[in-house]
Amino acid sequence: MARDRRHGSATSPSNAIPTRTRTRGSNPSPTRTTPRRRRTETARTGGETMTSHYAMDGKKVSLLGYGAMRMATVDGKHATSWAQGYSASAIDQDLLNRQIKMLLEGGVNYFDTSPAYCRGESESALGKALKASGYDRKDYVLATKLSNFAPRQYPLAACKKMFADSLKFLQTDYIDNYLLHSIGNGKDFSTFSKRYLENGALDWCADLRAQGKIRHLGFSYHGDPKAFEWCLAHHDTYKWDFAQIQMNYVDWRHAKEVNARNLNAEYLYRTLAKLGIPVVIMEPLLGGRLARYNYALAHELTPLDPEATLAKWAFRFCGSFPKVLTVLSGMTRTEHIEENLATFSPLKPCSEKEFAALERAARRMLSLNTIPCNSCNYCMPCPYGLDIVAILQFRNNFLVAQTKPSAKDVLKAYRKAIPEELRRADHCTGCGRCSPHCPQSIDIPREIAAIDEWIDLLEDDVVAKG
Ligand code: SF4
Ligand code: SF4
């Protein structure tokens, strides 16, 4: 990967941000403060998406990237949702084809997927959509992962099969960016060691790069800090081409407050930047929590720009840092694509005043004590049928609402959000099978038990009031 020398090397949001370039088209459109509206998803975007400071194999990389963790399904839901969409919902391939083409036409050229996304269907759906777009393979950067989470996938033979399947599903004979997936996953460092070291998988990945079957080698990080530190300590050996981290204006300085096991994004970013490792950002919207209405965020941000959406603020934060290769966004709806293309065409870096407002918003949000669930669904399915994500999200929605509804209304909404057949909090056995899969290190049984207790109290309240 070549560093674009036209740009500076500042690593602080407070430093001046150099002017960026656009991937396609010559006439920059004015920065908009409201989402760009289009009638159909086939409408042209103008092709002005800003590129990052980096080029890969001669291609400037778009600052906005597509994360294929969630895809629209034919029943209007999305494919990560085990409990709410698993039975009936196939990925809406026609819609995805149109969306991917729209992104490419808008100048987005970074696509990130994994064998683990969308119940294992993401790679194949993305491969079909990229093929159908008519764009040349050399026009875009394709990233996928060695997602060997289950112990049966630890042996090297299973890792090799996973890679061969990725090539097949993505309809390609090489991967641009290959990642060790969520290196801090599991209870402790022993999981990383079993997944990548003891089985020789990491050395095999380095060989793949030497053979040109993968062009760049990196890792995505969540969880155990030791895995992150190990990778950086071995940078001389493995020469990481990039790293993917969870970064947004809440995790920037407060990830550790949310969970002592986390590392703040500021530390992750600055450490990588110091080593010259380009940063791919995941979870810029904290699993959607920074995009959904939240009075704490709106209170700080809306006065500064009444027309900007909360999502725009979150993207502008992430896109303001010069060592960012791309900012991944899961865009399941065409409106998301339209809005994001508008935000990044071109992206306006945050000013000092705006960074300060975002920090205040982060503090306010943390004071609400929401559960740090990003709706990734890695904890699903629950063997006892609980819709873990819907239950946690229900509690969060209550916490971020400015006006609290009555106990009766909360219970009514709870029953509607989590129908009986999906099993509510009272069915949790505390078996603990979900928690080790959670990249946010949430003690899921504890949170579910607390929600169950809250619901019990509301029920008592309703009974007491007759
Ligand atoms: S602890 Fe509760 S939510 Fe988690 S897997 Fe067990 S029953 Fe399901
Ligand atoms: S509880 Fe954890 S694993 Fe489950 S959806 Fe939320 S963040 Fe993902």
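Structure notes:
- Estimated FRET transfer efficiency when R0 is 41 angstrom, pair residue 194-residue 55 (beta carbons, to 0.05): 0.70
- A simple spin-label model places the labels of residue 446 and residue 75 3.5 nm from each other, with each point 7 Å out along Cα-to-Cβ.
- Space enclosed by the convex hull of the alpha-carbon atoms of the range 388-464, per residue, Å³: 91 Å³
- Relative contact order (%) - the range 388-464, alpha-carbon pairs under 8 angstrom, separation at least six: 40 percent
- For the chain, the 222 nm mean residue ellipticity estimated from helices alone, with every DSSP H stretch of n ≥ 4 adding -39500 (n - 2.57) and the total spread over all residues, rounds to -11500 deg cm²/dmol.
- The range 295-445 - charge dipole about Cα centre, Lys and Arg +1 at Cβ, Asp and Glu -1, debye rounded to 20: 300 debye
- Residue separation of residue 404 and residue 427 scaled by 0.36 nm, minus their Cα-Cα distance, works out to 5.7 nm of gained length.
- Straight-line reach from residue 161: taking Cα to Cα under 22 Å and skipping same-chain neighbours fewer than 8 places apart, the lysines in range are 128, 145, 194, 213.
- Cα→Cβ-extended label distance, 7 Å offset, between residue 266 and residue 235, nm: 2.0 nm
- Only the Cβ atoms of Lys and Arg (+1) and of Asp and Glu (-1) were treated as charged; on that basis the dipole of the range 388-464 about its Cα centre amounts to roughly 300 debye.
- Across the chain, the mean sequence separation of Cα contacts (distance under 8 Å, 6 or more residues apart), normalised by length, yields a relative contact order of 17 percent.
- Mean Cβ neighbour count within 10 Å, used as a protection proxy, ranking 410-418, 117-125, 216-224 highest first: 216-224, 117-125, 410-418
- Taking 4.7 Å between C-beta atoms as the pairing limit, the chain has these partnerless cysteines: 118, 159, 205, 231, 318, 350, 373, 376, 382, 428, 431, 438.
- Under the convention that each Lys and Arg Cβ holds +1 and each Asp and Glu Cβ holds -1, the size of the dipole of the chain around its Cα centre is about 1120 debye.
Read-outs: derived from the displayed coordinates by stated rules, not from any lab. These numbers come from a predicted model, not from an experiment. Ideal geometry is used to build each Cβ from the backbone, glycine not excepted, and the neighbour counts take in all protein chains shown.
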